[in-house]
1. For peptide A:276-283, compute the average count of partner chain beta-carbon atoms within 10 Å of each residue's beta-carbon.
2. Can you check how the C-alpha radius of gyration of the protein assembly as shown compares to 2.2 N^0.38 Å, as a plain ratio?
3. Taking Cα atoms of chain A, Rg/Rh with Kirkwood Rh, to two decimals?
4. If I stretch the segment between B:LEU47 and B:MET218 completely, what's the gain in nm (0.36 nm per residue apart, minus their alpha carbon distance), one decimal?
5. For region A:248-289, just list the percent of Cα-Cα distances falling in each 5 Å bin from zero outward, please.
6. State in Å² the accessible area per residue of the protein assembly as shown; use a 1.4 Å probe, count heavy atoms of protein chains only, and round to the nearest integer.
7. For peptide A:114-126, compute the average count of partner chain beta-carbon atoms within 10 Å of each residue's beta-carbon.
8. Which FRET efficiency, nearest 0.05, do A:TRP163 and B:GLU210 yield, Cβ-Cβ r, R0 56 Å?
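The values are calculated or read from the model by the stated rules, or taken from the named source; none is laboratory data. Just so you know, these numbers come straight off a predicted model, no measurement behind them. Don't worry about glycine lacking a Cβ; one is built from the backbone with ideal geometry, like all the others, and counts go over all protein chains shown. For accessibility, only protein heavy atoms count, side chains too; no ligands or nucleic acids. Shrake-Rupley method; radii C 1.70, N 1.55, O 1.52, S 1.80 Å.
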Amino acid sequence: MREFVIRRLLYAIPTLIGISIITFAIARLSPGDPIRLFTFGVQNFTQDDYNRLVHAYGLDKPLPLQYVDWVTKALQGNFGDSFIYHREAFTMLTERLGATLELAIAALILQILIGVTLGVLAALRRGSWVDNVIRVLGVAGHAVPAFWLGQILIIVFAINLRWLPSQGLLGVGKSQTDVLDYARHLLLPAFVLALTGIAIYSRILRTETLDVLSQDFIRTAHAKGLRERTVVYGHALRNALIPVVTALGGILATLVGGALVIEQVFSWPGVGQFTFQAAIAKDYPIVQAGVMFTSTLLVLSYLLRDLTYAFVDPRIKVK
Amino acid sequence: MATAVRAGMQPADSTVFARKQRSLWRDALWRLFRNRAAVMGMVVIALAAFVAITAQVVAPYDPVQQNTPKQLMEPIWTRFFGSRFTDSAYLLGSDELGRDILTRLMYGSRVSLVVGIVPVAMVFIIGATIGMLSGYVGGWVDNVLMRFTDVVYAFPDLLFVIIIVATLRNTDLGLVMDGLLLIFVALAIVSWVGLARLIRGQVLSLKHREFIEAARAMGASPVRIMLKHLFPNILAPVIVSIAFAVPGAMLTEATLSFLGIGVRPPTPTWGAMINEGFVVFSTTPWPVLLPAFCISIVLLACTFVGDGLRDALDPRMKI
């Protein structure tokens, strides 16, 4: 087990190096001179000033050297100043991290709670109308783009019914400790973000529970006279939950990627929206910090998934 | 499948009572066409394809022609519910610039379908090449290719697509075909990873089987073994994976258009129509609802076909 953990950790290193090279390349290959972008609108800007800035930022060095410079700084959490805000990019990103994590975690909890419940329910009531409705929902969850569902929900619940706020983290004049206000703001975006996951989980759990229920050890449990509830919750569900862990890696990827769209729709001040707007504005320090950060997060979550997977299901041989 | 196993081999002097020879592919096709949801999905896709191909002929108007006096007409059926803003010249109404929604929906289907085909074909070529080489050749080739795959796998798909498109939009590449080519490339770069991993796994599980050994013993070249012997046998999961990649690509394109970095206006796409429609949503919801309906129906159809293919090709496969 320890060897497995160490090897997985080591595998993550070349991945991270590769990611950093691509991230670096994104900014260097894209059109637009960073110095011109950085000094956009500055009065009396001469060619001489320009040359000095190029030198000061090391942009006259060969590319591999620039990369090494960039990585060394990035490792210390310094991605350079934003072209627009003139503040350190990574610091600005970490200020928005909390909002994204709260959204992603809320969505994850909703997904697992709703998705698993629906999936198990569908399997236990196989062939009934409950099963059919849940299966239709499972497919429909893939067919409804998050961006328009989000907008529609905003219009229905926030603008027409006025039950929930339409956007942002907090209401005007509300303090951060107002949990109820915060939850009201979180509900819609978290639900929309969770939708794909709910669909995926309900489908997985349905097939998996049906599969487990037909196995010999379940018949044995029935045969030795255990109550239905003990069989279902004690024996079947435990085994059916394994794929919940397996799917987690992919789910996290959709959460991180999907959060961007949701944050944009709900004006949620998170990492995704911030990175997206920086990409549009060609504010590369922020884009680089955002990409490096989210991919590192993803690499770590895949790592975590593999480890939990080996932990939850000892039958899987550690390769 | 075709080479390894052949169903219903008959002796040369078969009597009239012998079962007619039927290949596994035929069986799968038969199962697919017995699946009502899948057939429905195929009909919808065929219809959309027909509209997309013939849009120039069947569409009643020019998709970009504005007619401001006739703006924001509602679909004609709303007449029966008391809407006064209908015009029988605009069957599905008009948008905020007086452009015919039916025409724009028809032209919009072109973008969606092309995005469902071209990037997915690119994904197939890249994924199959890398997966095959990695699995069959093994050794350092496998190691290098898989580490590279890990890197791409670690980028959150949507974020990566968005950043590629946002940064390269105004380059020469981003201007080809109103930006469609860049979207193809971005989608292909990001999405081949899953397929490559799938194919590699399949190849690994097959390459030491007897029929491959036999082919090698008879002197078949590696290329011939990969294309003629391995490939047909891994085709089933590959087809399923590709079938699910199609709606994924369509959804991403719609999301890009919704975020305002998709195909350049005034070329109509469903995502962009939804985006523009929200501006006037409080006046009339139809400019949003109609394209949203189209997207969801096509996505649903693709999912049904994907499900049907999976059930038909490999009933034991999960998810």
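1. The shielding value for this peptide is 4.
2. 1.05
3. 1.07
4. 56.8 nm
5. All Cα pairs, binned at 5 Å, distribute as 6, 26, 25, 23, 16, 4, 1 percent.
6. 50
7. Average per residue, whole number: 0.
8. Between A:TRP163 and B:GLU210 the formula returns 0.30.
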